[in-house]
Amino acid sequence: MKKLSARRRHPLAAVVVLLLALAATGGLYAAFAPAGKAQADETAQSLAIDEGKKLYTVGCASCHGTGGQGTTDGPSLVGVGSAAVDFQVATGRMPAQQPGAQVPKKPVIYTQAEIDQLAAYVASLGAGPITPTDKQVDPAGADVAKGGELFRNNCAQCHNFTGKGGALTKGKYAPDLEGVSPKHIYEAMQTGPQSMPSFPDTTMPEQEKKDIIAYIQTVNGEESESPGGLALGGLGPVSEGLFAWVFGLGSLVAVAVWVAAHTAKAKKS
């Protein structure tokens with residue numbers, strides 16, 4: 001009987017030993033913590049979406065519809081993703097001040113935390129480009145020369161070769177890229193705001209976006225030099241030609257008038 005009783009206690013003893021071993025090695029944490037962390041993350045995301053919906057109802061629903069479906073005053077936001085919201089709102093373009101050919105950049109009225117909440121709500125309406133991380137937009141170690149080539153092939157037609165911007169049709173324009181944060185440049189390439197085409201990772205990989213950001217920062221940096229002297233906004237031959245005609249030819253005319261006036265006085269005397 002004693003032997004049988006001892007045998008029955010073996011399974012329980014084994015379980016106790018196993019639990020002690022798991023506790024000692026952190027196995028219990030590994031087994032239960034991930035589920036708890038996932039639940040906490042899900043709760044935080046749900047709260048962000050709820051707060052974002054409140055902000056959306058007050059500041060965005062009048063143009064984009066109560067469910068983001070769009071109206072005659074604003075496009076649908078279903079599927080635009082969090083990156084589009086972060087770009088438009090964090091640059092002050094949204095909420096729009098008034099209708100027009102193009103919504104201009106203006107002072108931001110939301111905090112970054114509120115922008116993140118808005119982005120979380122809009123992202124919940126449909127899958128779209130996700131707000132990039134700091135690592136994704138960091139141009140450290142990027143190929144500036146390659147970025148310049150990519151920029152001239154894909155962007156310079158509108159922004160000109162130094163990113164100073166330029167006029168488009170029907171009252172629209174490509175904005176100046178000087179001083180724009182790497183995050184917003186990356187998001188603009190992701191989402192294609194207003195007249196700009198989009199460049200998803202399938203078309204332009206993440207590394208190429210970094211190269212372009214590095215080029216823009218370099219060519220507009222304080223250490224950048226203009227070999228030709230006065231840069232004239234970096235707008236190219238149009239501004240240079242206009243400068244030559246207005247100031248160069250104007251100076252010659254002024255000199256000719258001055259010489260003629262003094263010659264006439266000399267003859268009279």
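Considering only segment 118-138, I want to know if a residue exists there that is among the hydroxyl-bearing types (Ser, Thr, Tyr), part of a loop (DSSP other than H, G, I, E, B) and touching a residue at least 60 places away in the same chain (Cβ under 8 Å). So far as segment 118-138 goes, no, none of its residues is among the hydroxyl-bearing types (Ser, Thr, Tyr), part of a loop (DSSP other than H, G, I, E, B) and touching a residue at least 60 places away in the same chain (Cβ under 8 Å).
Against the definition (touching a residue at least 40 places away in the same chain (Cβ under 8 Å), of a type outside the set (Val, Ile, Thr) and within 23 Å of LYS172 (Cβ to Cβ)), how does LEU77 come out, yes or no? Yes, satisfied. Can LEU150 be described as in contact (Cβ under 8 Å) with a residue 40 or more places away in the chain, in contact with a helix residue (DSSP H, G or I) (Cβ under 9 Å, 6 or more places away or on another chain) and surrounded by 13 or more Cβ atoms within 10 Å (Cβ to Cβ)? For LEU150, the condition - in contact (Cβ under 8 Å) with a residue 40 or more places away in the chain, in contact with a helix residue (DSSP H, G or I) (Cβ under 9 Å, 6 or more places away or on another chain) and surrounded by 13 or more Cβ atoms within 10 Å (Cβ to Cβ) - is met. Looking only at residues in segment 254-269 that are open to solvent by 80 Å² or more (accessible area, probe 1.4 Å) and at pLDDT 65 or above, the one that is nearest to ASP176 (Cα to Cα) is VAL255. Just so you know, in segment 153-162 the residues that are at pLDDT 90 or above and of a type outside the set (A, V, I, L, M) include one that is surrounded by the fewest Cβ atoms within 10 Å (Cβ to Cβ), and it is ASN153. Among residues of segment 207-219 that are in contact (Cβ under 8 Å) with a residue 40 or more places away in the chain, those with a beta-carbon under 7 Å from a residue that is open to solvent by less than 10 Å² (accessible area, probe 1.4 Å) and not in a helix (DSSP H, G or I) at least six positions away or on a different chain give the pairs ILE216/GLY163; VAL219/GLY163.
Residue by residue, here is whether (1) open to solvent by 50 Å² or more (accessible area, probe 1.4 Å); (2) within 24 Å of SER82 (Cβ to Cβ); (3) modelled with pLDDT of 95 or more holds:
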| site | (1), (2), (3) |
| --- | --- |
| GLY166 | no, no, no |
| TYR186 | no, yes, yes |
| GLN194 | yes, yes, no |
| THR202 | yes, yes, no |
| GLN207 | yes, yes, yes |
| ASN220 | no, no, no |
| PRO237 | yes, no, no |
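Residues of segment 89-106 that are part of a loop (DSSP other than H, G, I, E, B), farther than 14 Å from HIS64 by Cα and either touching a residue at least 12 places away in the same chain (Cβ under 8 Å) or of a type in the set (Gly, Ala, Ser) (or both): THR91, GLY92, ARG93, GLY100, ALA101, GLN102, VAL103, LYS105, LYS106. In segment 83-96 there is no residue matching the filter, namely being open to solvent by 60 Å² or more (accessible area, probe 1.4 Å) and either in contact with a strand residue (DSSP E or B) (Cβ under 6 Å, 6 or more places away or on another chain) or modelled with pLDDT of 95 or more (or both).
Looking across segment 103-125, the residues that are farther than 12 Å from VAL85 by Cα and surrounded by fewer than 16 Cβ atoms within 10 Å (Cβ to Cβ) come down to PRO104, LYS105, LYS106, PRO107, VAL108, ILE109, THR111, ALA113. Quick check on ALA142: is it small (Gly, Ala, Ser), assigned to a loop (DSSP other than H, G, I, E, B) and either open to solvent by 70 Å² or more (accessible area, probe 1.4 Å) or on the phi > 0 side of the Ramachandran plot (or both)? Judged against the criteria, ALA142 is not a match. For segment 135-144, the set of residues classified as touching a helix residue (DSSP H, G or I) at 6+ places or on another chain (Cβ under 8 Å) and either charged (D, E, K, R) or over 12 Å from ILE213 (Cβ atoms) (or both) consists of ASP138, ASP143, listed by residue number.
The values are calculated or read from the model by the stated rules, or taken from the named source; none is laboratory data. Nothing here was measured: the structure is a model prediction, and the numbers come from that model. Because the Cβ atoms are built from the backbone with ideal geometry, glycine has one as well, and the counts that use them run over all protein chains shown. Accessible surface areas use protein heavy atoms only, side chains included; no ligands, DNA or RNA. Shrake-Rupley method; radii C 1.70, N 1.55, O 1.52, S 1.80 Å.
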